[in-house]
Structures are given as structure tokens and as C-alpha cells.
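Comments concern the structure below.
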Amino acid sequence: MCNSTSHTPSRRDFFSATVAAGLMTSAAGRSLRAADANDEIKLGFIGCGVRGGLLMKQFGEVPGVRIAGLCDVDSQRLGQAKERFPLAKGFQDLRDLIGDPNIDAVVITTCNHWHCLAAIWAMQAGKDVYVEKPLSHSQWEGRQVVAAARKYDRICQIGTQQRSDPMQAEIKKFLHEEKGLGEIQVARVNHYFIRKSIGKSDAPLPIDKNLAYDTWLGPAQKQPIYRNQLHYDWHWDWNTGSGDMGNWGVHILDDVRNNIFQDSVALPHRILAGGGRVGFNDAGDTPNVHFAYFDTGSIPVLIGLSNLADQPGSKQRATHHGPHSGYIAHCQGGRFEGQRGRAVAFDNDGRTIREFTGNRGDVLHQQNFIDAVRNHDRSVLHAEVSVGNDSTGWCNLANVAFRAGGAFSQDAVNEVALDEWRNLVAATGEHLRSHQLHLNDPAIRLSPMLELDPESEQFVGEHAESGNQFLKREYRSGFEIPEFA
Ligand SMILES: NC(=O)c1ccc[n+]([C@@H]2O[C@H](COP(=O)([O-])OP(=O)(O)OC[C@H]3O[C@@H](n4cnc5c(N)ncnc54)[C@H](O)[C@@H]3O)[C@@H](O)[C@H]2O)c1
């Protein structure tokens, strides 16, 4: 089933073998592809979990693509993927897949903490990369991936597939060229999605003997896990995940950057955020209630996110305006509500004046990556790594602000003289009250206003240190991210 063994090459072995082999095959592959636009592209998947399985299907629908390699540290998951693609070569160690000269490009669908290092290793070995969102676990490492893509001249697309939905171009035309609702004044992002507790045991989670745990951990710290399951719930542990801000927030903030700012704003320059992990009493540490203000220097952006129901035990989401997972652009002439696959424009009397229907970008986004790989042309990518790095940055910064936060302070909230922001904080307070909680509870944090220098991507000013400590993580030995920028 699997041609890999428990042998894990040292980094030195890995790079001497793969970089040489990879750069040779990549150069050969490039000229071949330029000669024949129908050349088959051989993909290797790193991570055969839920998303990996879906992407195998979507890439499989793109003409001229072969799923040639499958890799998962969990041999059971690898075995299931191999049953679907029996001709693909199986690997339990990503270094072996990356080093395989028969693979042209890799699709990275691991946990978030592996995205950057796996992408860099693959590009160093001459592979093109499709890497899932969020690009990075911290903004520093995302910057290294962008620099690596330039240094090794590789194609690198981020899995924010809504960028490939043709509806986005119609929306931009409506909002900006036609000025269908006049000036955009404020943008509000929502993600209200009920999740459950991930459990909290007294004893550390036993690791299945079928899983190569050291490689699963990779850059993350080795520390006991007290939740009920290893897979998926890594999202709610800072060591491996980025909370729902980095999970879903990235998709919607990416829509805002795309449709409202037409990518003119890379990162916000001031951030104020708060929230808490409340009501679950579990082993997670990322917030399940999170709210943030982003000062862009032009249109302000707010995000409200909650994984709690409107009441304990209820199946209803917290009360909010607009889509439960989407954005609202408040405009002079009305409001625009966008979400995955559809959008509606309303005038100031609440009448629908325009509707947009999309297709979510599935398959088109993968096709877009393959087109770029075939032509070795990053300019055609809809979510090129630098775009994905910036969209991920908003989430990383909102997470840093949460982590840098202290006790809730209404005075700090009032620093932002914006009705939409005050309404968001007040509505969050109401939501918490339904759970017998209060904004002033010790479990709720609020950051000071953090000021970011867009050039250095460091926080500056009075509260710089409280934020800067979270801009780069500690990497486990052997899994450090190389510094290029
Ligand atoms: N674009 C989207 O709409 C979308 C949707 C869902 C998930 N995602 C992203 O996809 C990624 C995976 O999510 P998921 O829900 O499939 O998680 P998951 O936990 O179900 O799967 C992750 C898989 O990666 C494997 N893995 C971890 N480290 C590895 C390594 N070093 N080498 C090989 N395999 C490794 C795990 O064993 C697991 O099978 C996440 O980053 C998530 O944000 C994107």
C-alpha cells in the first residue's frame, strides 16, 4: 500500500537529494509544458483528510491532471485515499513525496501549522504548489513563502477558491465601475456558525500507532493534547491552528479585500480586537467569540464571529444583520450583502435592486492553478501567494490582537468613533448575556489599539511589544522555516 518506511530523511539528506532532483525535473518540465499545452500534470497530495479528499475530486475534474502521489502521516487515511486512487504512489513522509521526480506539483491540505514549511520545501525542490488557506500560521512565515516563490520561480496558489467565482468580477463592476450603490462607507464581516466543545480530558490524548506523530507535529511544539480527537480540532489550538478567524474569516476577509478594496489594501494599519473562548469549558484556546476593527486608512472593516448558539442549548445562531457567513458593504445608496456563491444589493428602502449568482469557484480555481502551471505564468493566478498572504494577514493580525489583549475596557472600545463598531460590541455583549456572561468577565479580552507599520509588518508605538511577541512562532528543531525576506 505504502512505499514509504519509517525512515525520515534528515533535512540535509532531504535537501541534497530533492533540491537537485527537483530543480532538474522542474526545468525539464517547464520546457516540456511550454512545448505542449496538453501535457499531463502529475499532482501529489500532502494531507488526505476531509479537504484533501474533496480537492482530489475537484482536481480530478480538470482535464490533463493525474493524481500521482498521496501522502498522509496517518496510514489509515493514506490507505483510504489509495483505495480511491490505486495507481497513485503512497508516502507517509512528505519529504519522500516532495523528492519524487515524477511529481510536478503538490497540493497541501495539512493542518495550518504545516502549510508554509511544506510549501517552501516543495518549491525548493522545484514543485509548483497549491496550498490551502490560511496560508500561514503567522505573518512572518507567510512572507517567507512569498519570497521562496519568487526565489525559486514557482507557481503558488492559495485555496481561497471563491476568488475564481466569475461572480466576483460582476460585483466589482457593479460596486466600482457602475457605482451601483454610491460610495462604500463601512464593511462588516460576519461568521456566525455553531460549533461544539472539543472536550477536555484529564489525561493526554493517546496517539494512534498508525500515525507518524513527530511529522504531524512538524513545526509545532510537542505538548500534551487534552481534546477528544487529533484530526480537525487542531484548528482550535494555537499550536496548530488559527481559530475560526483563520479558518472561515480568511475566506470572507479575502472577499472584502477583493470586492471592496480591489486588493488596494494589503494589510490594515490599526487593529483593535476582543473576544474569548467561553461556554465550552474545553481544551481549545482560540476564541469562539471574536470581534475586530481594522483601520485601513479608507473604508473601515469590522468582523463579528461566534461559534455559540443564540442561547445555551439552542440550534439558532446569534442574532445579527446580513448573511451568517459573508459581508455587508454599507454604502451611500444602500447596502450590499455578499456570501459564498451569491450576493444581493439593496437600496436605502430595503428593495432588492440587483442579485448575483455565482458557483463558489470550485474546480475553476483548480483549473486556474493548472493553467498557470502549464504555462509557467503566475500572472494568471486568481489567488497568487502574495494575495493569499495579505488576506491571511488580516486573520493573523486579529488573532495577535486577541492574544495581546487584557481586560475589556469600554474606553478602549470608544476610541473608535464608529456606530457600526459600537453596535457590533454591544450586540456581542447581548449575545454573551444570553449565555450568562458579560463583556467585563475575566474570560473576555480586549486588545489596545495596535498600530502596524506596513513596511516592516511590525507593530509600532505604545503597545508594540504586546503584539510583536506573537508575530513569529517558535519552531521545533528540524522544522524551522528558512528566512528569505
Ligand atoms: N478552501 C476551503 O474551502 C477549505 C475547506 C476545508 C478545509 N480547508 C483547509 O484544508 C486544510 C485541511 O483541513 P481538513 O479539514 O482536511 O483537516 P483534517 O485534520 O481532516 O486533515 C488534515 C490531514 O493532514 C494530515 N497531515 C497533517 N500533517 C501532515 C504532514 N506533515 N504530512 C502529511 N499529512 C499530514 C493529517 O493526518 C490529516 O489527515 C486546513 O488547512 C483547512 O483550513 C480549506
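Since every read-out is calculated from the coordinates, none of them should be taken as a lab result. Just so it is clear, the model here is predicted, and its values are computed rather than measured. Neighbour counts run over all protein chains shown; Cβ positions are idealised from the backbone, glycine included.
Tell me, what is a quarter of the convex hull surface for the C-alpha atoms of the chain, in nm² with one decimal?
22.5
At 7 Å along Cα-to-Cβ for each site, give me the label-to-label distance between ARG360 and ARG195 in nm.
1.9
Calculate, in nm to one decimal, what ALA169 and LYS57 gain on full extension: separation in residues at 0.36 nm each, minus their alpha carbon distance.
Details: separation 112, 0.36 × 112 = 40.32 nm, distance 2.60 nm.
This chain segment gains 37.7 nm when fully extended.
Hull surface divided by four, with the convex hull built on the Cα atoms of the stretch 272-425: how many nm²?
Value for the stretch 272-425: 12.8 nm².
Using alpha carbons only, how many degrees (0 to 90, rounded to 10) separate the axis of helix 50-60 from the longest principal axis of the chain?
The answer is roughly 60 degrees.
Return one quarter of the surface area of the convex hull spanned by the alpha-carbon atoms of the stretch 109-254, equal to its mean projected area, in nm².
So the Cα hull casts an average projection of 11.9 nm².
Under the 0.36 nm per residue contour assumption, what length would be gained going from the current alpha-carbon distance of ALA464 and ASN210 to full extension?
Difference between extended and current length: 87.0 nm.
What does the highest-first list of 133-139, 378-384 look like by mean Cβ count within 10 Å?
The most tightly packed comes first, giving 133-139, 378-384.
Of ILE198, SER466, ALA404, which is farthest on the positive side of the dipole of the chain, counting Cα position, with +1 on Lys and Arg Cβ, -1 on Asp and Glu Cβ, and the Cα centre as origin?
My answer, from the dipole projection, is ILE198.
Which percent of Cα-Cα pairs in the stretch 188-263 sits in each 5 Å bin, short to long?
Over the stretch 188-263, the share of Cα pairs per 5 Å bin runs 3, 12, 19, 20, 14, 11, 9, 6, 4, 1 percent.
Rg/Rh for the stretch 358-430: what does it come to with C-alpha atoms and Rh from Kirkwood?
Looking at the stretch 358-430, the ratio lands at 1.22.
Which lysines have a Cα lying under 26 Å from the Cα of LYS89, excluding residues fewer than 8 positions away in the same chain?
LYS42, LYS57, LYS127, LYS133, LYS209
Helix 364-375 versus the longest principal axis of the chain: what angle, 0 to 90°, nearest 10, using Cα atoms?
Helix 364-375 sits at roughly 40 degrees to that axis.
Which percent, nearest 5, of DSSP beta bridges in the chain are antiparallel?
65
Relative to the longest principal axis of the chain, what angle (0 to 90°, nearest 10) does the C-alpha long axis of helix 11-35 take?
Taking the Cα atoms of the chain, the angle to 11-35 is about 90 degrees.
Using the Kirkwood radius over C-alpha pairs as Rh, can you work out the diffusion coefficient of the stretch 106-148 via Stokes-Einstein at 25 °C, viscosity 0.890 mPa s, in µm² per second?
Approximately 246 µm²/s, per Stokes-Einstein.
With runs of 4+ DSSP H residues as the only contributors, calculate the mean residue ellipticity of the chain at 222 nm using -39,500 (n - 2.57) per run, divided by the residue total and rounded to the nearest 500.
Values: 14 runs with 148 residues, N = 485.
Result for the chain: -9000 deg cm²/dmol, rounded to the nearest 500.
Could you work out the percent of alpha carbon pairs in the stretch 268-351 separated by over 22 Å, rounded to a whole number?
41
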